[in-house]
1. Charges only on Cβ, +1 for Lys and Arg, -1 for Asp and Glu: so what's the dipole of the chain about the Cα centre, in debye to the nearest 20?
2. Would you list, by chain and number, the aspartates and glutamates whose Cα falls below 19 Å from the Cα of residue 31, excluding same-chain residues fewer than 8 positions away?
3. Evaluate E = 1/(1 + (r/R0)^6) for residue 160 and residue 9, where r is the Cβ-Cβ distance and R0 equals 25 Å; express this FRET efficiency to the nearest 0.05.
4. Which value at 222 nm does the chain reach when only helices count, each DSSP H run of 4 or more adding -39,500 (n - 2.57), with the total divided by all residues and rounded to the nearest 500 deg cm²/dmol?
5. Sort all Cα-Cα distances of the chain into consecutive 5 angstrom bins from zero, then give the percent of pairs in each bin up to the one containing the longest distance.
6. Exactly which GluC sites (Glu not before Pro) in the range 1-105 are in a DSSP loop and have at most 14 other Cβ atoms within 10 Å?
7. If every alpha-carbon in the range 80-194 counts as one equal scatterer, what log10 I(q)/I(0) does Debye give at q = 0.18 1/Å?
8. Answer with one residue from 181, 100, 60: the one whose Cα lies farthest towards the positive end of the charge dipole of the chain, charges on Cβ with Lys, Arg +1 and Asp, Glu -1.
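Read-outs throughout are calculated quantities, based only on the coordinates presented, and are distinct from any laboratory measurement. Everything numeric in this text was worked out from a predicted model, so none of it was measured. Cβ atoms come from the backbone with ideal geometry, glycine included; neighbour counts cover every protein chain shown.
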Amino acid sequence: MDEKYKSLLIQELEQELTNISNISTGTIASKIEDIGFSCLMCGKCCRHAFGDNRVLLMPNEIQLIANHTTLEAHEIATPATSDVPDSDLIDTDGKIHTFGWMLARKSNGDCNFIEDAETSNKCKIHDVRPMLCRTYPFYMQDMELHVSECEGLGRKITSEESITIANDVITRYVAEIEDTIALYKKFEDFTTGKDELKITSGNVDEKYHVVYVVHDSKGTHEITR
Ligand code: SF4
């Protein structure tokens with residue numbers, strides 16, 4: 001990434017952070033109250049069968065979960081990839097570069113932390129779940145409140161609950177931008193490879209493990225999965 005372009009991106013994000021300080025929690029809370037929401041514990045946001053259930057999370061959130069469980073970081077999170085590798089993110093050695101992490105998933109694609117029995121949608125790390133889960137189905141983008149697909153929308157919510165969610169979505173918005181700025185500052189550029197086949201040759205071992213290079217707000221991490 002060109003240094004000039006990188007500092008432009010950082011400047012834009014810093015300006016966004018300044019603008020966020022003008023967002024009124026009350027305004028966001030009343031929008032949430034108008035939309036309405038009550039979680040039905042249907043588990044559709046956690047299970048793969050119902051769509052994209054990837055949960056992006058920041059390094060400090062991985063640490064928080066590790067501190068409250070007996071789990072190692074690699075059991076908690078995995079490189080944030082899409083289902084189809086993007087050739088622009090494959091380097092000359094065939095390593096796959098990713099930006100950040102997502103919650104680990106089971107072999108069936110469900111979140112690693114939802115109960116196995118499909119009759120129970122309890123979250124095993126509920127108290128320390130990532131901000132994305134805490135605020136779902138709401139999120140902030142370009143200074144506006146947005147809503148993801150969810151069975152619980154349109155249901156009665158109290159003013160107090162709306163204020164709690166509004167505070168959480170704004171906190172998440174700030175944290176994600178600060179994390180992205182830190183990521184850009186630490187970012188180590190790489191050269192895109194021309195031969196995508198390296199993924200299926202040089203970069204895959206006999207157990208079909210692939211080498212990922214994860215860029216996050218703490219730096220660059222090479223891991224094999
Ligand atoms: S947040 Fe929505 S999709 Fe997720 S469990 Fe609750 S009602 Fe279902």
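1. 500 debye
2. Excluding near neighbours in sequence, the set is 142, 144, 149, 151, 160, 161, 168.
3. Once the sixth-power term is evaluated, E becomes 0.10.
4. -10500 deg cm²/dmol
5. Using 5 Å bins, I get a P(r) of 1, 6, 12, 15, 17, 17, 14, 10, 5, 2, 1, 0 for the chain.
6. Taking the range 1-105 and a limit of 14 other Cβ atoms within 10 Å, the loop GluC sites (Glu not before Pro) found are 72.
7. For the requested q values the scattering log ratios are -1.18.
8. Of the options given, the answer is 60.
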